[in-house]
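Worksheet: one structure, shown below.
The values are calculated or read from the model by the stated rules, or taken from the named source; none is laboratory data. Keep in mind the model is a prediction, meaning the values are calculated, not measured. Note that each Cβ is placed from the backbone with ideal geometry, even for glycine, and that neighbours are counted across all protein chains shown. Heavy atoms of the whole protein, side chains included, go into the accessibility calculation; ligands, DNA and RNA do not. Shrake-Rupley method; radii C 1.70, N 1.55, O 1.52, S 1.80 Å.
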Amino acid sequence: MNINDLEQHLFTQIKTVDKNFKRLFHGRGGCFKEFDFLTVDSIDKVLYVVYFYEINEELESALTGLFLKLFNSSKYLGVVLQKRYLLKEPSQVLFGEIPFENFAYENGLQYKLNIEASRNMGFFADMNNGRNFVSKNAKDKNVLNLFSYTCAFSVVASSAGAKQVVNVDMSKGALTIGRTNHHLNKLSTKNIKFMPYNILKSWSRIKNAGPYDLIIIDPPTFQKGSFIASNDYHKIIKRLSSLCSENCMVLASTNSPDISSLDIIEGFKKDAPEFVFEKRLETLDSFPSINKEKELKNLIFRKIS
């Protein structure tokens, strides 16, 4: 793929965009070697571009020209660039301006974003199929949402009629945004709990709100001082038997390239044998990858009696 191919691809994609969050180009899966540093998202009226590593000035200039063409011939009010390799530098507005408040829209629900943040904006679009699974299975369930971040799973579960949702994340700021996300969607938080705890040190508190009919495990790959997926994921699996109801289902997720689907399946066989593996959820077509085990993995397990 060259710059002209990329231009044609992006112009084709923006013809079909609406207000819903859509990945227009995904280079991170390795399918487009020349642009493996690049992702481009359509976020309502904002075109959101991420560079994952530094590129040469000639290529950056060509891409800037391309994004200007997209901006001038589309509905977007602004183009935002995040240079992910600059760890603490906020995103920059390349063209136009961005609305004072920004939201991700998906399946009739909305989520508050911080588009100018230096790292994560507050929403992970590649988890769409995981959220769809929760939406279809949360009605009348007691749901445990581990590593809840800004509580997108909780919003979906509550919207689908969950009896209770317990969100656990050590970031109080993320949980505050989670409350906002419920209110944005006119969802009561009377049956929603927000626990600002280190999960690995808070099992008794988490257990007290159980047992749970649906458990979501969606940890970060690395959380300094609290969780390293490759070392600690098995600690979550070991606790499931003390948390689950008789017919519990588990959505076990990871985007760690160091943990394979087989690693998780074998972990359940060893430490939670009462759960059987049912299926792996399909990855979105808009997130192509040459190695499915290096991308997001969503695995479904069900407790057997």
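Descriptive notes on the structure:
- Pairs from the table (Lys136/Lys201; Lys136/Lys292; Lys45/Lys139; Lys45/Lys88; Lys141/Lys269; Lys88/Lys141) lying more than 29 angstrom apart at Cα are Lys136/Lys201; Lys45/Lys139; Lys88/Lys141.
- Rounded to the nearest Hz, the phi-derived 3J(HN,Hα) couplings of the stretch 131-145 under the Karplus curve 6.51 cos²θ - 1.76 cosθ + 1.60 (θ = phi - 60°) are 5, 4, 4, 4, 4, 7, 10, 8, 4, 6, 9, 8, 10, 10, 10, where x marks glycine and proline.
- Percent of Cα pairs exceeding the 15 Å cut-off, where the set is the stretch 218-268: 46
- Out of every Cα-Cα pair that the stretch 99-244 contains, those further apart than 23 angstrom amount to 31 percent.
- At most 16 other Cβ within 10 Å, DSSP loop - chymotrypsin sites (Phe, Trp or Tyr not before Pro), the stretch 94-175: Phe100
- Cα-centred dipole magnitude for the chain, charges only on beta-carbon of K, R (+1) and D, E (-1), debye, nearest 20: 1440
- Bridge type composition, the stretch 1-151 - antiparallel percent by DSSP, nearest 5: 75
- Pair Ile304, Lys69: separation of 7 Å Cα→Cβ label points (nm): 5.7
- Radius of gyration (Cα atoms) of the chain, expressed as a multiple of 2.2 N^0.38 Å: 1.03.
- The distance linking the stretch 194-208 with the stretch 149-188 is 16 Å (Cα centroid to Cα centroid, whole angstrom).
- Accessible surface area normalised per residue over the stretch 17-145 is 46 Å², counting heavy atoms of protein chains with a 1.4 Å rolling probe.
- Percent accessible area from carbon and sulfur atoms, the stretch 175-305, protein chains only, probe 1.4 Å: 50
- Remark: the stretch 223-305 carries a charge dipole of roughly 200 debye about the Cα centre, counting +1 on each Lys and Arg Cβ and -1 on each Asp and Glu Cβ.
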